[in-house]
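J.: Here it is: the structure, laid out below.
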Amino acid sequence: MSILEKIVEKKRRRVEEQKNFLSFEEIKEKVRALPQRADFIFFSKIKRTTSEPIKIIAEIKKASPLKGLLKEYNVEQMADVYVSAGADAISVITEEDFFSGKTDYLAKIKAKHPDIPVLRKDFIFDEYQIYESKLLGADAILLIADILSDDECSFLYQLSKSLMMDVLFEIHDEEGLKKAVHAGVDIIGINNRDLKTLQIDLSTTFKLRELIPKNKVVVSESGISSVEEVRKLLKIGVDAILVGTSIVLSDNPQEQIRKLKYF
């Protein structure tokens, strides 16, 4: 069993446990009672015009399956730093067992910073998780092509959009890109990390970017830490970068964000 399969299997068990705590019908009812929003703020914030610097999605990340605990820190204070540094959006990992995330992190950050788009980054495969994300206050969710069928991609994407949440649709290869096109997504994230081996190769973005239709917003994810890398990504038309580890491990996270964004 690959590490990806292990993560998904553990998450399936957690989702079933959560359904016992708050049923599917109950969570849908709670979502129906929420105030309705009329715009997609994640998309509008990370879509870049040619005159703008690269957009930064700064990530709240405490651990990874490969490195274990990265750093212990107060996530609300770190979010304050991200906002003050000019991050365009915040990604919050909520997966508990391999990344030490918590759904509470997302809810608290969104409550404190209602005007900045917040992405829920997790392993999502069940419609229950879509409603849960909305209830937590997420402006966008991550869908990973590698763990979903074509039909699941389309269904979960459309459900998310119907609830006024954007979707960062993550791919790693041409097969994932086919799923993205089939689902009609508008934001495509290219993960430079192979989720089956956890190895990073930045050339993944360069290989796949040229195959993506020009009208899509493109995000490069994982392994980005230097200004030179950002320059290369800008040159091929990448709109945004999702950066976690290099910011979290920096002695000065605020300066790291500003360096990557404005260099």
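The values are calculated or read from the model by the stated rules, or taken from the named source; none is laboratory data. None of the values given here were measured: they were computed from a predicted structure. Here the Cβ positions follow ideal geometry from the backbone for every residue, glycine too, while neighbour counts run over all protein chains shown.
J.: Search segment 202-223 for residues being out of contact with any Ser or Thr (no Cβ under 7 Å at 6 or more places or on another chain) and under 21 Å from residue 99 (Cβ atoms), and hand back the single one that is surrounded by the fewest Cβ atoms within 10 Å (Cβ to Cβ).
T.: Looking at residues that are out of contact with any Ser or Thr (no Cβ under 7 Å at 6 or more places or on another chain) and under 21 Å from residue 99 (Cβ atoms), I get 223.
J.: When the residues of segment 224-247 are filtered to those that are surrounded by fewer than 20 Cβ atoms within 10 Å (Cβ to Cβ) and within 23 Å of residue 74 (Cα to Cα), which remaining residue is nearest to the chain's Cα centre (by Cα)?
T.: 245
J.: Let me ask you something else. Determine whether residue 111 is under 22 Å from residue 25 (Cα atoms), small (Gly, Ala, Ser) and part of a helix (DSSP H, G or I).
T.: Against the criterion (under 22 Å from residue 25 (Cα atoms), small (Gly, Ala, Ser) and part of a helix (DSSP H, G or I)), residue 111 does not qualify.
J.: Does segment 64-74 include one or more residues that are of a type in the set (S, T, N, Q), surrounded by fewer than 19 Cβ atoms within 10 Å (Cβ to Cβ) and either closer than 19 Å to residue 243 by Cβ or in contact (Cβ under 8 Å) with a residue 60 or more places away in the chain (or both)?
T.: Among the residues of segment 64-74, at least one is of a type in the set (S, T, N, Q), surrounded by fewer than 19 Cβ atoms within 10 Å (Cβ to Cβ) and either closer than 19 Å to residue 243 by Cβ or in contact (Cβ under 8 Å) with a residue 60 or more places away in the chain (or both), which makes the answer yes.
J.: Okay, next question. Can you spot a residue in segment 87-107 that is modelled with pLDDT of 95 or more, more than 15 Å from the chain's Cα centre (by Cα), of a type in the set (Lys, Arg) and buried (at least 17 other Cβ atoms within 10 Å of the Cβ)?
T.: no
J.: I'm checking my understanding of the structure. Among residues of segment 1-49 that are among the hydroxyl-bearing types (Ser, Thr, Tyr) and in a loop (DSSP other than H, G, I, E, B), which one is modelled with the highest pLDDT?
T.: It comes out as 23.
J.: A further question follows. Return the residues of segment 213-263 that are within 17 Å of residue 81 (Cβ to Cβ), part of a helix (DSSP H, G or I) and not β-branched (Val, Ile, Thr); say none if nothing qualifies.
T.: Listed by number, the residues that qualify are 246, 253, 254, 255, 256, 258, 259, 260, 261, 262.
J.: What number of residues within segment 76-124 are touching a strand residue (DSSP E or B) at 6+ places or on another chain (Cβ under 6 Å) and of a type in the set (Lys, Arg)?
T.: Residues in segment 76-124 being touching a strand residue (DSSP E or B) at 6+ places or on another chain (Cβ under 6 Å) and of a type in the set (Lys, Arg): 3 in total.
J.: Tally up the residues in segment 190-212 that are part of a loop (DSSP other than H, G, I, E, B) and within 22 Å of residue 58 (Cβ to Cβ), please.
T.: 4
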